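The structure appears right after this line, and notes come after that.
Computed from the coordinates by the stated procedures, all read-outs in this text should not be read as laboratory data. In this text, all values refer to a predicted model and were calculated from it rather than measured experimentally. Note that we place each Cβ from the backbone using ideal geometry, even for glycine, and neighbour counts take in every protein chain shown.
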Number of protein chains: 10
Amino acid sequence: MQFLVRMEVRLPHDMPADVADDLRARERERAHEIQRAGKWPELWRVVGRYANVSRFDVDSGDELHQLLSSLPLFPYMDVEVTALTVHPSKLES
Amino acid sequence: MQFLVRMEVRLPHDMPADVADDLRARERERAHEIQRAGKWPELWRVVGRYANVSRFDVDSGDELHQLLSSLPLFPYMDVEVTALTVHPSKLES
Amino acid sequence: MQFLVRMEVRLPHDMPADVADDLRARERERAHEIQRAGKWPELWRVVGRYANVSRFDVDSGDELHQLLSSLPLFPYMDVEVTALTVHPSKLES
Amino acid sequence: MQFLVRMEVRLPHDMPADVADDLRARERERAHEIQRAGKWPELWRVVGRYANVSRFDVDSGDELHQLLSSLPLFPYMDVEVTALTVHPSKLES
Amino acid sequence: MQFLVRMEVRLPHDMPADVADDLRARERERAHEIQRAGKWPELWRVVGRYANVSRFDVDSGDELHQLLSSLPLFPYMDVEVTALTVHPSKLES
Amino acid sequence: MQFLVRMEVRLPHDMPADVADDLRARERERAHEIQRAGKWPELWRVVGRYANVSRFDVDSGDELHQLLSSLPLFPYMDVEVTALTVHPSKLES
Amino acid sequence: MQFLVRMEVRLPHDMPADVADDLRARERERAHEIQRAGKWPELWRVVGRYANVSRFDVDSGDELHQLLSSLPLFPYMDVEVTALTVHPSKLES
Amino acid sequence: MQFLVRMEVRLPHDMPADVADDLRARERERAHEIQRAGKWPELWRVVGRYANVSRFDVDSGDELHQLLSSLPLFPYMDVEVTALTVHPSKLES
Amino acid sequence: MQFLVRMEVRLPHDMPADVADDLRARERERAHEIQRAGKWPELWRVVGRYANVSRFDVDSGDELHQLLSSLPLFPYMDVEVTALTVHPSKLES
Amino acid sequence: MQFLVRMEVRLPHDMPADVADDLRARERERAHEIQRAGKWPELWRVVGRYANVSRFDVDSGDELHQLLSSLPLFPYMDVEVTALTVHPSKLES
């Protein structure tokens, strides 16, 4: 199944820099793992924001929630999920 | 340049069926052309809506506007464009 | 997969009564078919509105979109879809 | 009476982990009690969010408010309630 | 059960004046019936709008929906329903 | 004059429990005074929220503001006021 | 009593020009009457919109509603009313 | 030039009372100065809110910004500005 | 004075093509006149929309309203105006 | 490429004055650099707000994101980006 996901990150302003750096480092590592597993084929930064838009390719909504909630920055994210389906005008790639 | 585009189509309820069919047929044809040119790599239907979310890969905002406004359904669409950039956690594919 | 679906129906005020009646009769029939297939376990009217909130139990987002777009009232609906997953506090029934 | 309820949880970022853990454990326990009493037949997590959508089957709005405000996480929740009624296309189960 | 109801009326501009007058006359008659039955204790016009805010005192959400959808202007209304309960600071009257 | 008033209370999460208790006790006392003066004939809790919807019967907007700002919880409230007038379909009570 | 009123006018595009002209002429006449009565001390056009912001000085919300609904353009207006009161920093004029 | 200005004040809940009192005292003083200069002819409190709606009569947007940002409460305000112009139905006063 | 202006055009779908073409031709002509007068220094199309964002350099809000309402497409536009002032970090050009 | 950018700054109220002053000084310096490079041709303050609207002239969305995120106040900004293109009614300057 395909889902469009938009994640907006809001770190508290009083979070110590080293805590934030550690979170971001672990976030990147976890993002790499999920990409290597083929579950996160599209990942783009939104220009001007601490946010991304992504496409996930997963077996189910259950799996998507497990992946998203495994991200170290998840407690600081506002996440919006849109279910996608094949478009009739899409060419076979 | 990469852009996320969401298009929501609203055909007037009193449009004759053959006019709508013709519009949709020409829309599909034009969508195929743009995809074949490598400009529209992601095209997905939003579940439950007459809408799509897409990624366009274009040279500029000027080109994106020309492509979008060349779609036969453009006068009936509500289009939202989000500029994207490389995400630092994205793996090379 | 489980999805929460909210459908809001807006029939044009100038639609002839018999056309509307026919649409509604066919809508009910199709709704019965989908329920009998076990795909639409929850279906409730929103108090005070020509709207429903529903839960669909489907194999995929693709199937959900096919079911929703097969409803005769679909062209007159505003549909919002929310992907659901198991809740950790849910008791086995 | 049937109500759709959406609960969105927002714990303060500076809440100590053990306080949050205790709140969540007590929340789960209370959720189980209400489910065992047959008052909370539908409980689903929203994919990607610390939120749920639920259906409550209660005697009145008074009872619903008592149940919701008895949840240990209630002070940290944003709760939206929608009154439901029987849908004319719903099949007897 | 008590419900706050806000009804906003939007008549199509091309509705003939006699049709609108007839609708409004029947609306008033039906509103009187429901008030006489003790089901509609509060009914106020919103200053500056073709809208009202009301309190209904009904047995259930089912009954409220039946009452609202029996109003001749119902097809032209946007209705919002809020479930109410006893307030702990309310004095016995 | 009649006004619909909706008050939503948001206490800071770090407010000490005794301070909050004291505020709430004084709020209840003041609410009783205003009700006894006949100025606050309708007061209902919104199901699922720390909020109320009320009708005030006052001499003027000046008086309403004085009453509302005399509430001990006023600094923590989001208050929305809607001016009301007699509805032409309202029966004499 | 003082009220801030914002009126946004939306004439149907298919209204014949002479009907619209007549409406506007009668609107102006009625607006002059209300101003001469001292009830409408502030009346300003919003730059770039077919809209105004106004202050009304009336005896009650009832009177304000009667004045507003007596305007020939009232059926084509979206009207928002905000109740005002004396500001503690306002100088005597 | 005429501008409608709406100012909503939000003081942090942990601001010491004497700091807030001092801010408010200086705010009043500055408001008096601007009024005496003839720049702030309309100033009203919004009923039920720590907010005002005002009309400023200034030479330019530059002057308006200087006046607004000179208010001691400015850092705690959410300010919305609407440009106004003469209304064609306005009577000479 | 400087103003940011966003204009969104919505032509009725049933407007005859020649009427629309004539409107657009006269719109362009008028836009050229205003630019030549030095009043409209910035004019950009929003990518994907029948909309523009502009900066106007005018003597007053009165002049801005006269210019905007002189545009042949004005009756079909939704216009939002934002008053601007010099930015302290702006370099002399 | 041309982009409209709106930046709204929200400094935490408990930020020490010298930290805020230092941030603002470095922000101004960096804004000057970007302007001198010809990348930020329009920069205006929004009247009444700690906000600006700007036009950036950049090679790509990537470059725009790098410029915006290089601003010292970026972590405290809410930034909205709108892609622009040539307007057909724009005169050659």
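Whole-Hz ³J(HN,Hα) for each residue in the stretch H:74-83, computed from phi via Karplus 6.51 cos²θ - 1.76 cosθ + 1.60 with θ = phi - 60°, x for glycine and proline: what do you get?
3, x, 10, 10, 9, 10, 10, 10, 10, 6
So what is the relative contact order for the stretch F:1-78, in percent, with contacts set as C-alpha pairs under 8 Å and at least six apart?
That works out to 48 percent.
Count the net charge of all other residues whose Cβ sits under 12 Å from the Cβ of D:E33, scoring Lys and Arg as +1 and Asp and Glu as -1.
Result for the local shell: +3.
What net charge is computed for the residues neighbouring D:R55, neighbours being all others with C-beta under 11 Å from the C-beta of D:R55, Lys and Arg scored +1, Asp and Glu -1?
Net local charge, D:R55 excluded: 0.
Restrict the search to the stretch G:58-93; then list the GluC sites (Glu not before Pro) that DSSP places in a loop and that have at most 16 other Cβ atoms within 10 Å of their Cβ.
Listed in order of number, the matching sites are G:E92.
Let me have the 222 nm mean residue ellipticity of the protein assembly as shown computed from DSSP H runs of 4+ only, each contributing -39500 (n - 2.57), with the sum over all residues rounded to the nearest 500.
Helix-only estimate at 222 nm: -10000 deg cm²/dmol.
Could you work out, residue by residue across I:58-69, how many beta carbons of other chains sit within 10 Å of that residue's beta carbon, and then give the average as an integer?
5
P(r) for chain C, please, calculated from all Cα pair distances in 10 Å bins and given in %.
15, 47, 28, 8, 2
If one computes the Cα centroid of the stretch G:52-85 and of the stretch F:1-64, what distance in Å separates the two points?
If we compute the Cα centre of each part, the gap is 27 Å.
Please compute the net charge surrounding A:M77, taking Lys and Arg as +1 and Asp and Glu as -1 over other residues with Cβ under 12 Å from its Cβ.
Charge balance in the 12 Å sphere: -1.
Would you tell me which residue of chain H has the beta carbon closest to the rotation axis bringing chain H onto chain C, and how many whole Å away it is?
Of all Cβ atoms in chain H, the one nearest the axis gives H:G48, 13.
Within 10 Å of each Cβ in peptide E:24-33, how many partner chain Cβ atoms are there on average? Round it to a whole number, please. Write out the running numbers ahead of the final one.
Details: counts 2, 0, 0, 1, 4, 1, 1, 5, 3, 0.
Counting Cβ atoms of other protein chains within 10 Å of each residue's Cβ and averaging gives 2.
Taking the Cα centre of chain D as origin, work out the dipole magnitude from +1 charges on Lys and Arg Cβ and -1 charges on Asp and Glu Cβ, in debye rounded to 20. The partial results should precede the final answer.
Working: 12 positive and 16 negative charges, 60 e Å.
Computed about the Cα centre, the dipole is about 280 debye.
With charges set only on the Cβ (+1 for Lys and Arg, -1 for Asp and Glu), what does the dipole of the protein assembly as shown come to about its Cα centre, in debye to the nearest 20? List each step's numbers first, then the result.
Details: 120 positive and 160 negative charges, 0 e Å.
The calculated dipole for the protein assembly as shown is roughly 0 debye.
Using only the Cα atoms of the protein assembly as shown, construct the convex hull and provide its projected area averaged over every direction, in square nanometres to one decimal.
39.8
Give me a single rounded figure for D:71-84: the average over its residues of other chain Cβ atoms within 10 Å of their Cβ. Spell out each step's value before the answer.
Working: counts 0, 0, 0, 3, 3, 1, 3, 2, 6, 2, 7, 12, 16, 11.
Partner Cβ neighbours, averaged per residue: 5.
May I ask you to list the aspartates and glutamates whose Cα is less than 19 Å away from that of I:K90, ignoring any residue fewer than eight positions away on the same chain?
H:D62, H:E63, I:E42, I:D57, J:E8, J:D21, J:D22, J:E27, J:E29, J:E33, J:E42, J:D57
Name the residue farthest towards the positive end of the dipole of the stretch F:21-71 from the options F:V46, F:L71, F:L23, assuming +1 on Cβ of Lys and Arg, -1 on Cβ of Asp and Glu, about the Cα centre.
F:V46
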